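Here's the structure, in structure tokens; my notes come after.
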Amino acid sequence: PSGTVYKNPELDTWKTLLAGEEVEAVIASIRSYLETVRKNEMITRQFLLSLRTDVTQMVYVWLSEMGIYANALFSDKESENYMLGAVNGFNEMMEYVENLIRKAVGYKLYITKEDSVADQICTYIDSHFREEIHRDELAELVYLNTDYMSRMFKKEKGVSISNYILQKRVDEAKKLLCGSSLPINTVSLHIGYSNFSYFTKMFKENTGLTPLEYRRKFGEGVRI
């Protein structure tokens, strides 16, 4: 036999189950469909390729509607191997389907937990605030588009990402101004500002004092 001509009457059902985050049900439905096809006709590589395309697109569209970067989420070697192997047979296709759907729904549930994504971003900023941090860099870290990530962060933390970074830098500058005798321009460099004038302006806007005034007022025992 020449094999099965691809037609998929079950796709809308799978989309509905996925939208309801019914992981086991959608996997079982895909398995049942494949078993029926296998029982009645020969499954070809082309058939599996078409099925993989449909299932992948279904999951990626579902993720993108929530602002999740599917390409980044599935860029790891394990996911790539599952995808490449999916066209080799029934079992390999089901391994791909299970990995794809469990990982997609699992990540969606993870990001909707209170503070999960915001905490992950905060942890990264806390370790890298002395460096230049771009929104795109943070978005890649949590597999979200930049606008959705920014809205989620502000909703959960009450401040924008840029203001969170700024506050971390100001707090660190305060510690160094009061707890060390580092020159003020060195403090500026240490917290990520190569432009000393901008550092002074930013610091005064946030504290009401210039760095030198702050050190004089609060830096007991620090030589000026």
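The values are calculated or read from the model by the stated rules, or taken from the named source; none is laboratory data. Since we're looking at a predicted model, the values are computed, not measured. As a convention, Cβ positions derive from the backbone with ideal geometry for all residues, glycine included, and neighbour counts pool all protein chains shown.
One line per residue, one yes/no per condition, for (1) more than 25 Å from N145 (Cβ to Cβ); (2) of a type in the set (K, R):
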{"site": "G20", "(1), (2)": "no, no"}
{"site": "I30", "(1), (2)": "yes, no"}
{"site": "R38", "(1), (2)": "yes, yes"}
{"site": "D54", "(1), (2)": "no, no"}
{"site": "E78", "(1), (2)": "no, no"}
{"site": "V87", "(1), (2)": "yes, no"}
{"site": "N99", "(1), (2)": "no, no"}
{"site": "Y107", "(1), (2)": "no, no"}
The range 185-199: number of residues that are outside any loop (DSSP other than H, G, I, E, B) and in contact with a helix residue (DSSP H, G or I) (Cβ under 6 Å, 6 or more places away or on another chain): 5
When residues of the range 155-165 are limited to those that are modelled with pLDDT of 95 or more and surrounded by 16 or more Cβ atoms within 10 Å (Cβ to Cβ), the one farthest from E137 (Cα to Cα): Y164
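This table checks each residue for (1) assigned by TED's automatic domain parsing to the domain that holds T210; (2) surrounded by 14 or more Cβ atoms within 10 Å (Cβ to Cβ); (3) hydroxyl-bearing (S, T, Y).
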site: T123; (1), (2), (3): no, no, yes
site: H128; (1), (2), (3): no, yes, no
site: E131; (1), (2), (3): no, no, no
site: L141; (1), (2), (3): no, yes, no
site: T146; (1), (2), (3): no, yes, yes
site: S150; (1), (2), (3): no, yes, yes
site: R169; (1), (2), (3): yes, yes, no
site: L176; (1), (2), (3): yes, yes, no
Search result, residues across the range 42-66 that are charged (D, E, K, R) and touching a Phe, Trp or Tyr at 6+ places or on another chain (Cβ under 9 Å): R52, D54
Qualifying positions in the range 7-35 - among the β-branched types (V, I, T) and either touching a residue at least 12 places away in the same chain (Cβ under 8 Å) or not assigned by TED's automatic domain parsing to the domain that holds Y96 (or both): T13, V23, V26, I27, I30
Residues within the range 103-121 that are of a type in the set (K, R) and surrounded by 14 or more Cβ atoms within 10 Å (Cβ to Cβ), tallied: 2
Residues within the range 36-62 that are assigned to a helix (DSSP H, G or I), among the charged types (D, E, K, R) and in contact (Cβ under 8 Å) with a residue 40 or more places away in the chain, tallied: 4
Among (1) part of a helix (DSSP H, G or I); (2) over 30 Å from A70 (Cα atoms), the one test that L182 misses: (1)
Scan of the range 30-50 for residues that are touching a Gly at 6+ places or on another chain (Cβ under 6 Å) and exposed (fewer than 13 other Cβ atoms within 10 Å of the Cβ), ordered by number: M42
Meets criteria (of a type in the set (V, I, T), closer than 11 Å to R52 by Cβ and crowded, with 17+ Cβ neighbours inside 10 Å) for V87: yes
Residue, nearest to the chain's Cα centre (by Cα), within the range 122-151, restricted to residues that are within 28 Å of T56 (Cα to Cα) and hydrophobic (A, V, I, L, M, F, W, C): V142
